[in-house]
Amino acid sequence: MAIHLIRHAHAGRRSDWDGPDAQRPLSDKGWGQAAAIADDLAGAGIGRLWTSPYVRCRQTLEPLSERLALPIEPVDDLGEGGGTSVLDRLIASAASGVTVAACSHGDVIPALVAQALGRGATIDGPASLQKGARYELTVVDGAITTIVHTHRPAVGV
């Protein structure tokens, strides 16, 4: 089974946003990336959508949610500064036969990847993601075996 770890799509610079960072939305470019991610993952057999509670992460999954008619489930540990305990929950879901797409941040995803690598997984690609990029993690016998990087979608705006 698989886990899809997605870094949220483009949301502009923090310094250009006046409100709380957790409420910072996707930019037009980010919405284009989110639509492209939905196109790419629509046939991936995803059964659950997990997200950081941050608006930009939820919005990144909205087009996929609409396409698959799945609810988006907020998971606090996927929020900025979240812990790596969520990795075991993701693995358990995949081991039970449910593929999860999870959207998170540039600090959480590398920590999850590092934890998986420390447990023996191998990686094809960089150990961190640009906004809108993702990893596909393969789970075999309750362990992540491989992590494959997919570049962020190229969208014009």
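Overview of values
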| read-out | value |
| --- | --- |
| Residue within region 94-111 that is farther than 19 Å from Ala9 by Cα and within 14 Å of the chain's Cα centre (by Cα) present | yes |
| Single unsatisfied condition, Asp39 versus (1) out of contact with any Phe, Trp or Tyr (no Cβ under 8 Å at 6 or more places or on another chain); (2) modelled with pLDDT of 95 or more; (3) open to solvent by less than 60 Å² (accessible area, probe 1.4 Å); (4) not in a strand (DSSP E or B) | (3) |
| Whichever residue in region 69-80 is in a helix (DSSP H, G or I) and under 20 Å from Leu137 (Cα atoms) and, among such residues, is farthest from the chain's Cα centre (by Cα) | Asp77 |
| Among the residues listed as Ala116, Ala95, Ala101, Ala121, the single one being farther than 26 Å from Ala22 by Cβ, in contact (Cβ under 8 Å) with a residue 60 or more places away in the chain and not β-branched (Val, Ile, Thr) | Ala95 |
| Qualifying residue in region 100-108 (condition: open to solvent by 20 Å² or more (accessible area, probe 1.4 Å) and at pLDDT 95 or above) | no |
| Ala116 being modelled with pLDDT of 95 or more, within 12 Å of the chain's Cα centre (by Cα) and among the aliphatic types (A, V, I, L, M) | no |
| When residues of region 1-16 are limited to those that are open to solvent by 90 Å² or more (accessible area, probe 1.4 Å) and either part of a loop (DSSP other than H, G, I, E, B) or hydroxyl-bearing (Ser, Thr, Tyr) (or both), the one nearest to Ala102 (Cα to Cα) | Met1 |
| Residues satisfying the stated conditions in region 81-92, i.e. open to solvent by less than 60 Å² (accessible area, probe 1.4 Å) and in a loop (DSSP other than H, G, I, E, B) | Gly82, Gly83, Thr84 |
| The one condition in (1) touching a residue at least 40 places away in the same chain (Cβ under 8 Å); (2) out of contact with any strand residue (DSSP E or B) (no Cβ under 6 Å at 6 or more places or on another chain); (3) open to solvent by 10 Å² or more (accessible area, probe 1.4 Å) that Asp77 fails to fulfil | (1) |
| Residue in region 43-50 that is modelled with pLDDT of 95 or more, of a type outside the set (Phe, Trp, Tyr) and farther than 19 Å from Val140 by Cα present | yes |
| Residue list for region 109-157, restricted to those being of a type in the set (D, E, K, R) and open to solvent by less than 40 Å² (accessible area, probe 1.4 Å) | Arg134 |
| Strands (runs of 3 or more DSSP E) contained in region 99-146 and holding at least 1 residues within 25 Å of Pro63 (Cβ to Cβ) and out of contact with any Leu (no Cβ under 8 Å at 6 or more places or on another chain) | 99-104, 134-140 |
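The values are calculated or read from the model by the stated rules, or taken from the named source; none is laboratory data. Not measured: the values here are computed from a predicted model. Heads up, the Cβs are rebuilt from the backbone with ideal geometry, glycines too, and the neighbour counts pull from every protein chain shown. The accessibility values were calculated without ligands, DNA or RNA, using every heavy atom of the protein model including side chains. Shrake-Rupley method; radii C 1.70, N 1.55, O 1.52, S 1.80 Å.
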